[in-house]
Amino acid sequence: MSDLLLPPEHRYAKMIEQKQNEDGSELSILNLGPTHPATHGIFQNILLMDGERILDGEGTVGYIHRAFEKIAENRPFYQITPLTDRMNYCSAPINNMGWWMTLEKALDIEVPKRVQYMRVIIMELARIADHIICNSVLGVDTGALTGFLYVFQYREKIYEIYEEICGARLTTNMGRIGGFERDWSPAAFKKIHTFLEEFPAIWTEFENLLTRNRIFMDRTINVGPISAEKAMSYGFTGPNLRAAGIDYDVRVMQPYSSYEDFEFDVPVGKSGDTYDRFCVRNAEVWESLKIIRQALDKMPEGPYHANVPDYYLPPKEEVYTNMEALIYHFKIVMGEVPVPKTEVYHPVEGGNGELGFYLITDGSRTAYRLHFRRPCFIYYQAFNDMVKGQMLSDAIATLSSLNVIAGELDA
Amino acid sequence: MALETTVIQDKLTGQFGDKVSDFIQIKDMFTFEVASDSLSEVMGFLKNDPLLRFNFLTDVCGVHYPDNEVDRQFATVYHMHNWYDNVRIRFKCYLNGENPEVASATEHFLSANWQERETYDFFGIIFKGHPQLKRILNMDEMISFPMRKEFPMEDGGRTDKDDRFFGRTPDNSTVK
């Protein structure tokens, strides 16, 4: 409320006073966050309100900043993967794969086709998991809990697939330089097939619940819109940009990991509002399923990792019997894996947009500088602009549909 | 029709002469250097030129090079992307180590706002003309710039943790 401690020189204090003098009406300050269940993460917004309408907002971020870029300068390359997990923890495997691909670009490693297809499958599963969370939680924020509980079972199924592949569920730390740590078990493939069979019916039902639901449409159409031009200037990428009508997708613009082998559409919206963001994500889930099916059908035979003994841990049984394997094992475990001096930037299409890794190496065992281009961080700055003039409850829906992940925002 | 890197180079050198230099292709990216006093003009030119059309500022970040000569101890790195021809470029602006200052890119791209605040927060690089240059991820009371190389990652006074055996810091007590 307006008696919230605010220094008198703060611009909101001046605005409140000015309005009071103008027509006697009272503006108020509302502190949204940092730990509010509706913000889905830890960020604070100080809102200047006229009744229920937002006049202005000021965001504070950084509550869970963990200095990943600094830590990355002090760790061997393979120990950086767990850091990437913890950025967008809703789609951790995309971050992992993006990091491996960055390193492979720096080292000029060509990975086998099979690995690329496996990566595509796991990245698309992660995208589905990410979109499940975003869209179902948007339902919750507009008052529909059922859909959320219903589709969350299927996020669980995706986590079981991760578990089968790498042993972990949320922060996966999946893969190695050049491929995967082990081949996928038949059980993993079986789980993926089961998921592909069962999930479409569930997702159709979820869409039926919300897409043409009058209440949901009233709560989301024209809520938190952004024009294509502005979205571009604000550095939007991913579904949020596509909802505004620009068909920019890294998977199509700069195909990595053999995305050029698959047929899929890039869904776009029109008005860039909450409803369009919802619809674009819904459509992207179908495209992801399409890609996974194609990748499974076309999955080539071959090794599950590239032949790069300098960077890829040898099988444990060889370490006990084979001299070279022992040496490589020792070197890799002790972090003696220098990367030649170079600079690379590698973008991947993350759950929320272009996730980029800018790596500078100087020939030593750690990164000289590693910068993460975190899509959330870049587009969250538009939030206050988007909710100006909207109702408070619309701001919550907008925030939810932007899918801002605090872990990624704060690095 | 794809935009050739030679065209980019010719256009830039034609317009800015020796303010742009060191054109080189590193892996899949065309890169160059821009003199720190003409950053804003170069970026505006890249964005608005009808042929170059670099319409998207992908990324802004800083780098610290404490071992360089004093005029080149900091760098701001910009990634730009032309979505029409699908060409990416990267350019660096080297800055003075004592007094790192460069023009803000916020007049060309709104997305530069927070990215420059982040760079300021971690490196202490001043962006002239930035509307609200203050810390973003660290707390406002902080006085140092943690991504500078001289800033130790861990508190040197810690006694509960001895890193000597793990090949990281030689001795915790000698770290500043």
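The values are calculated or read from the model by the stated rules, or taken from the named source; none is laboratory data. In this text, all values refer to a predicted model and were calculated from it rather than measured experimentally. Because the Cβ atoms are built from the backbone with ideal geometry, glycine has one as well, and the counts that use them run over all protein chains shown.
The table for this structure:
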{"read-out": "Members of the stretch A:48-89 found to be assigned to a loop (DSSP other than H, G, I, E, B), surrounded by 18 or more Cβ atoms within 10 Å (Cβ to Cβ) and among the polar types (S, T, N, Q), listed by number", "value": "A:Asn88"}
{"read-out": "Residue in the stretch B:127-136 that is away from chain A (no Cβ under 11 Å) and among the small types (Gly, Ala, Ser) present", "value": "yes"}
{"read-out": "Failed item in (1) under 26 Å from A:Glu52 (Cα atoms); (2) at pLDDT 90 or above, with A:Arg373 passing the rest", "value": "(1)"}
{"read-out": "Which numbered condition B:Leu39 fails, given (1) outside any strand (DSSP E or B); (2) without any contact (Cβ under 8 Å) to a residue 24 or more places away in the chain", "value": "(2)"}
{"read-out": "Residues satisfying the stated conditions in the stretch A:293-310, i.e. part of a loop (DSSP other than H, G, I, E, B) and either closer than 30 Å to A:Ile128 by Cβ or outside the structural domain of A:Leu103 (by TED's automatic domain parsing) (or both)", "value": "A:Met299, A:Pro300, A:Glu301, A:Gly302, A:Pro303, A:Tyr304, A:Ala306"}
{"read-out": "Extreme residue, nearest to the other protein chains (Cβ to nearest Cβ), among residues of the stretch A:373-387 that are buried (at least 23 other Cβ atoms within 10 Å of the Cβ) and outside any helix (DSSP H, G or I)", "value": "A:Arg373"}
{"read-out": "B:Tyr78 being of a type in the set (Ser, Thr, Tyr), within 14 Å of chain A (Cβ to nearest Cβ) and within 19 Å of B:Thr106 (Cβ to Cβ)", "value": "yes"}
{"read-out": "Considering residues of the stretch A:355-366 that are in a loop (DSSP other than H, G, I, E, B) and within 11 Å of chain B (Cβ to nearest Cβ) only, the residue farthest from A:Ile128 (Cα to Cα)", "value": "A:Asp362"}
{"read-out": "Those residues of the stretch A:138-192 which are in a helix (DSSP H, G or I), farther than 17 Å from A:Met299 by Cβ and of a type in the set (A, V, I, L, M), in sequence order", "value": "A:Leu138, A:Val140, A:Leu145, A:Leu149, A:Val151, A:Ile158"}
{"read-out": "Selection count where residues are within 18 Å of A:Leu83 (Cβ to Cβ) and among the charged types (D, E, K, R), scope the stretch A:343-367", "value": "1"}
{"read-out": "Search result, residues across the stretch A:208-256 that are at positive phi and over 18 Å from the mean Cα position of the chain (by Cα)", "value": "A:Asn222, A:Gly224, A:Gly245"}
{"read-out": "Residue ID - nearest to A:Arg176 (Cα to Cα), chosen from residues in the stretch A:339-354 that are more than 11 Å from every other protein chain (Cβ to nearest Cβ) and in contact with a strand residue (DSSP E or B) (Cβ under 8 Å, 6 or more places away or on another chain)", "value": "A:Val339"}
{"read-out": "Any hit, the stretch B:93-114, residues being facing chain A (nearest Cβ under 10 Å), surrounded by fewer than 23 Cβ atoms within 10 Å (Cβ to Cβ) and closer than 30 Å to B:Pro152 by Cβ", "value": "no"}
{"read-out": "Restricting the stretch B:6-36 to residues that are more than 14 Å from chain A (Cβ to nearest Cβ) and in a strand (DSSP E or B), the residue that is nearest to B:Phe127 (Cα to Cα)", "value": "B:Val34"}
{"read-out": "Answer from B:Val42, B:Val63 - the residue that is within 19 Å of B:Leu12 (Cα to Cα) and crowded, with 16+ Cβ neighbours inside 10 Å", "value": "B:Val42"}
{"read-out": "Selection within the stretch A:321-367 - of a type in the set (A, V, I, L, M) and under 22 Å from A:Lys105 (Cβ atoms)", "value": "A:Ile332, A:Val337, A:Val339, A:Val344, A:Val348, A:Leu355, A:Leu359, A:Ile360, A:Ala367"}
{"read-out": "Breaking point among (1) crowded, with 16+ Cβ neighbours inside 10 Å; (2) farther than 30 Å from A:Ala231 by Cα, for A:Gln390", "value": "(2)"}
{"read-out": "Which numbered condition B:Asp171 fails, given (1) more than 14 Å from every other protein chain (Cβ to nearest Cβ); (2) at pLDDT 90 or above", "value": "(2)"}
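Here is a yes/no grid of residues against (1) touching a residue at least 24 places away in the same chain (Cβ under 8 Å); (2) small (Gly, Ala, Ser); (3) in contact with a strand residue (DSSP E or B) (Cβ under 7 Å, 6 or more places away or on another chain):
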position: A:Gly51; (1), (2), (3): no, yes, no
position: A:Gly57; (1), (2), (3): yes, yes, yes
position: A:Tyr63; (1), (2), (3): yes, no, no
position: A:Tyr117; (1), (2), (3): yes, no, no
